[in-house]
Amino acid sequence: MKKILFILMAAAVCLSLLFTAFAYFDDTEESAGNSFQAGTWAVDVNNGGGNAAAHTFQGLAALDSGAETWSVKNTGTVSVYVDINITVSEDGTGNLGDHMTAHLFVVGGDSIYGSEAFPLAINDAGGGYPLNLPLGAGKSKNIALEWNVDAFYTPVEGDKVEVGLTFDIQPAP
Amino acid sequence: MACVLCLGLIGGAFAYFSDTAASNANTFYAGDVDITLSGSLADGVTLDDMAPGDTVTGTLYVTNTGSLPIWFSGYLANDWAQSIGGFIDKFTVKVTTIPGDFYNFNPSQVIYNGPLTGLAGKENGLITANGVYTALPGGGQWAGYTFAFTLDGPSTGSEFELAWLQGKLTVDAVQSNNISWANAYAFLKNGTAIP
């Protein structure tokens, strides 16, 4: 009986040795809290509360000319980059859009569509323009459209062209 | 008398010369595993007004101030908090080594470049340095890392304006002496007991 007890005890000791984890030294350190907070990013066009505004050209005659300005302001807390998307639509039975040329540009900056010397047909101005125009928080920039109606335009009642500018915010290029 | 003398000789002890010498004391001290964190991320960085596309960079230095060489693993603690669900998913992080540390990769190596959530939790820890199976010696040797956190530009919509994200980095260390790389890896990644 004593022998059996001894064998059982020895077996128990051996098993405990087998399954005992290795003792080791270790340490853990934790940093202080790191905090990242997003700012706000938004632009306002012509103080309209949104990022888009349109202008309608109508009642024009041959050789008329003029300029329209869109003011875009960064109302967010972070600097943004601005791209422009232009839409052009013509209503009525006339063809005012075919007789208007335009030069769209950043006031004090680069041309966006056409140039001062070579304005282009406004009907072809639609599309996206990845300007990557930097605009600091609280800052504004003006976008101007200088336009001319050529000498061959025959006015038609109700003929009008609407040009819309939408300002999209992009991350840094 | 002759008999008494003979008996005295038989029963008397033999005289001898002897000596005992003791060595100086032998002392065995256990070593220790102790790390400290330093750098801007250890102190905690705060960045407000992040815009989509912004990157903020911080440093983390792991110094082995103990006496034993170590394996170590760094990861995001599990208690990162965010004000809007999914904000953490908008962050990526690029981790690079800093030349001049113990491992002295020059040029520095990118050891992780991916979603911030890819470093979340012990199981996703970055162990020592990528592909390096050399333990960090004790006595003040250090390893340095640069973390570049980027708020993704294209996918971070205005719903995340003013959202915030807060959290800590954790570094676990374990002795490397008498522990195989595989066992240390299992311990640091999964908390598996070292056999």
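Overall, chain B carries a charge dipole of about 680 debye about its Cα centre when +1 sits on the Cβ of Lys and Arg and -1 on the Cβ of Asp and Glu, all other atoms neutral. Place a point 7 Å from the Cα of A:Ser140 along the Cα-to-Cβ direction; which residues of segment A:73-101 have their backbone N under 15 Å from it? Flagged as within label range: A:73-76.
If you build a Gaussian network model of chain B, linking Cα atoms that sit under 10 Å apart, which residue out of B:Ala30, B:Ala51, B:Ala135 swings the most? Among B:Ala30, B:Ala51, B:Ala135, the largest mean-square fluctuation in the Gaussian network model of chain B belongs to B:Ala30. Our analysis of segment B:112-195 gives Rg over Rh at 1.07, with the two radii drawn from alpha carbon positions and Rh computed by the Kirkwood formula.
I need the shape label for the protein assembly as shown. Rule: rounded when a/c is under 1.5, else prolate if a/b > b/c, else oblate, with a, b, c from the alpha carbon gyration tensor. Since a/c reaches 1.5 and a/b is larger than b/c, the shape of the protein assembly as shown is classed as prolate. Taking chain A as a Gaussian network of alpha-carbon nodes connected by springs under 10 Å, the highest mean-square fluctuation of the residues A:Asp64, A:Asp27, A:Asp91 belongs to A:Asp27.
On a straight-distance basis, which aspartates and glutamates could pair with A:Lys141 in a cross-link, Cα separation under 13 angstrom, same-chain partners fewer than 8 positions away excluded? Hits, sequence-local ones excluded: A:Asp44, A:Asp83, A:Asp110. The angle between the Cα long axis of helix A:2-19 and the longest principal axis of the Cα atoms of chain A comes to about 20 degrees, rounded to the nearest 10.
Each of B:Leu165, A:Ala54, B:Ala182 was placed along the dipole of the protein assembly as shown (beta-carbon charges, centred on the mean Cα), and the one lying farthest toward the positive end is B:Ala182. Restricted to Cα atoms, chain B shows a radius of gyration and a Dmax of 30.3, 125 angstrom. Relative to its residue count, segment A:35-137 spans a Cα convex hull of 121 Å³ per residue.
Please work out, to two decimal places, the log10 of the ratio I(q)/I(0) at q = 0.10, 0.12, 0.14, 0.15 Å⁻¹ from a Debye calculation in which every Cα of chain A carries one identical scatterer. The calculated log intensity ratios at q = 0.10, 0.12, 0.14, 0.15 Å⁻¹ are -0.53, -0.67, -0.80, -0.88. Taking 17 Å as the straight-line reach from the Cα of B:Lys90, the aspartates and glutamates in range (excluding those fewer than 8 positions away in the same chain) are B:Asp48, B:Asp49, B:Asp54, B:Asp152, B:Glu159, B:Glu161. For chain B, find the longest principal axis of its Cα atoms and tell me its angle to the long axis of helix B:181-190, 0 to 90°, nearest 10. Taking the Cα atoms of chain B, the angle to B:181-190 is about 50 degrees.
For chain B, take the longest principal axis of its alpha carbons; what is the angle in degrees between that and the long axis of helix B:2-11, to the nearest 10 within 0 to 90? So the helix axis and the longest Cα principal axis differ by about 10 degrees.
Each value in this text was obtained by applying a stated rule to the coordinates, not by laboratory testing. Since the structure is predicted, the reported quantities are computational estimates derived from the model, not experimental observations. In this analysis, Cβ positions are derived from the backbone assuming ideal geometry, glycine residues included, and neighbour counts consider all displayed protein chains.
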